[in-house]
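Reviewing the structure listed below.
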Amino acid sequence: MQERRSSSSTMAVEQCLVLIKPDGLVKSLTGDIISKFSETELIIVGSKVVQVTRELAEEHYHHLREEKFFDELIKYIMGEYHTKRVLALVYHGENAIKKVRKIVGLTNPELAEPTSIRGKYGRVTSKGVFENVVHASENPKEAEREIKLWFRPEELVYTIYPTEAKNVARTIIFWK
Ligand code: IDP
Ligand code: MG
């Protein structure tokens, strides 16, 4: 599906990657978080539970690799402190990124609005990591990079990025 623009404004149809991080899963916050996002009237077009590999974690957070908290951040998203699961979701709709980020709140849970997800449920650990429960793409460029990193096109009900079909030989696992 191509990007659509409404006729009356410059609002863009966007997609936004949301990750419910391992602390969000351990604290059983999935229901609350998805309920909160439903206020936006955006739709979920993809979802899956992921066991995050080091390769995926480092690629996802590559822009932070020089930061002193990087190693702890990688351990956190890989689930070393909570559970080795992340729930990955793709939200779709007009101005999806801004709408999602508003509900998520600021990066530092201590500075996030108390009613935002991070303000409500996040914490700063003694190791200095912001355990802030959710990830949300920051801008359209990052959203595209992240969605392409976490999902294959066929895992999404709608895509806004071009796709191509290729014939490849690969092993597929079936139920016995
Ligand atoms: P964002 O998640 O709000 O987009 P980023 O700067 O992209 O913020 O940082 C990615 C993640 O790295 C944050 O969600 C948080 O878990 C962690 N992080 C970012 N900045 C810091 C920091 O200064 N100290 C500790 N952890 C941080
Ligand atoms: Mg970010």
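FYI, it's all coordinate maths here, none of it is from the lab. Just so it is clear, the structure is predicted and the values come from calculations on it, not from any experiment. Please note: Cβ atoms are built from the backbone with ideal geometry, for glycine as well, and neighbour counts cover all protein chains shown.
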remark   = Candidates Ser47, Ser116, Ser35; GNM for the chain (alpha-carbon contacts under 10 Å) flags as most fluctuating Ser35
task = Please provide three numbers in whole Å: the alpha-carbon extents of the stretch 25-96 along the principal axes, with the largest listed first.
result = 37, 26, 18
inquiry  = Placing unit charges on C-beta atoms (Lys and Arg positive, Asp and Glu negative, everything else neutral), compute the dipole magnitude of the stretch 48-111 about its Cα centre in debye, rounded to 20.
reply    = 360 debye
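Quote the relative contact order of the chain in percent (integer), defining contacts as alpha-carbon pairs under 8 Å separated by 6+ residues.
32 percent
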task = Going by C-beta contacts inside 10 Å, put Thr53, Thr125 in order with the fewest on the left.
result = Thr53, Thr125
inquiry  = Just to verify a number: FRET efficiency for Lys166 and Thr115, C-beta to C-beta distance, R0 = 45 Å, to 0.05?
reply    = 0.45
note = The residues Lys176, Lys21, Lys98, sorted from fewest to most surrounding Cβ atoms within 10 Å, come out as Lys176, Lys98, Lys21
task = Just grab the label-to-label distance for Phe69 and Met11, each label 7 Å out from Cα along the Cβ direction, in nm (one decimal).
result = 3.3 nm
request  = Working from the alpha-carbon coordinates of the chain, get Rg over Rh, Rh being the Kirkwood radius.
outcome  = 0.98
remark   = The alpha-carbon center of the stretch 87-112 and that of the stretch 151-165 are separated, in whole Å, by 22 Å
request  = For Trp175 and Leu106, compute 0.36 nm times the residue count separating them, minus their Cα-Cα distance, and round to one decimal in nm.
outcome  = 20.5 nm
remark   = Simple SL model, points at 7 angstrom along Cα→Cβ for Glu80 and Ser28; separation in nm is 2.8 nm
Under Karplus coefficients 6.51, -1.76 and 1.60, residue-wise ³J(HN,Hα) of the stretch 118-124 in Hz, glycine/proline x = 5, x, 6, 10, x, 8, 9
